[in-house]
Amino acid sequence: MYHAFDLAHGYHNLEIRPEDQAKTAIILLEGLGLADRQFEFNKLSFGLSAAPGAFQHISDSIVTPAKEKIAQNDLGDTVSVYLDDICIGGDNVTQMMQRLEALFNRIRSAGFQVKAKKCEPFQPEVSYLGHRLSEKEIETDQNKIEKILNWPVPTNVKEFKSWSKMERRSPLHTGRKHLTQHKGTTAPHTGNY
């Protein structure tokens, strides 16, 4: 059985050191009566190039001690974390409760919370990082494939960029190496020759 969930507030859980906040500055030139004013982030924000790596490092540091405690209890190493997405597995409810207690204690002590809306507790099968996990197999999430197959054909540069961004994040992205025409088809638009 599995339990998949997200950490609440993502990047906004992490404070930026005061001496580094100026590096995140943006200046509004027009609009809203705020012209020529500078704003600096005091929490980690989307769009900062170092944000994913910094957040993954923190996520790993939260989960790793929980993994060690789970291993010490001879329960196995069954926690996976990618940014704010976490999945944990177990063979039965008792085992899962022990694992969740170890993990949730670490999350709480780090000052993070779990996003209740995204919890999939005690499921025989869960969706995690674009895949469906079950006791028998790991397969690409069919909903993600449907989204890609039903995506409208781009008719301008803006639509192509939107499609390209979605496609890069899809579980099919890893299969691009098998598509011999992909690079030649997208190269004029992406600059990857």
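If the condition is being β-branched (V, I, T), within 27 Å of V63 (Cβ to Cβ) and more than 16 Å from the chain's Cα centre (by Cα), then the range 113-172 contributes I138, T140.
Evaluation of I107 against the conditions (1) in contact with a strand residue (DSSP E or B) (Cβ under 7 Å, 6 or more places away or on another chain); (2) part of a helix (DSSP H, G or I); (3) more than 28 Å from H9 (Cα to Cα) shows that the sole unmet condition is (3). Is it fair to say T186 is farther than 30 Å from T94 by Cβ, modelled with pLDDT under 80 and not in a helix (DSSP H, G or I)? It is false that T186 is farther than 30 Å from T94 by Cβ, modelled with pLDDT under 80 and not in a helix (DSSP H, G or I).
L34 fulfils the conditions (1) modelled with pLDDT of 85 or more; (2) in a loop (DSSP other than H, G, I, E, B) except for a single criterion, (1).
Count of the range 80-104 residues, restricted to those that are under 21 Å from the mean Cα position of the chain (by Cα) and on the phi < 0 side of the Ramachandran plot, is 12. Of the residues contained in the range 156-165, one or more are found to be farther than 29 Å from T78 by Cα, modelled with pLDDT under 85 and touching a Ser or Thr at 6+ places or on another chain (Cβ under 9 Å).
Taking the criterion of being surrounded by 15 or more Cβ atoms within 10 Å (Cβ to Cβ) and among the basic types (K, R), the residues of the range 91-114 that qualify are R99, R106.
The values are calculated or read from the model by the stated rules, or taken from the named source; none is laboratory data. Just so you know, these numbers come straight off a predicted model, no measurement behind them. With ideal geometry, Cβ positions are generated from the backbone for all residues, glycine too; neighbour counts draw on all protein chains shown.
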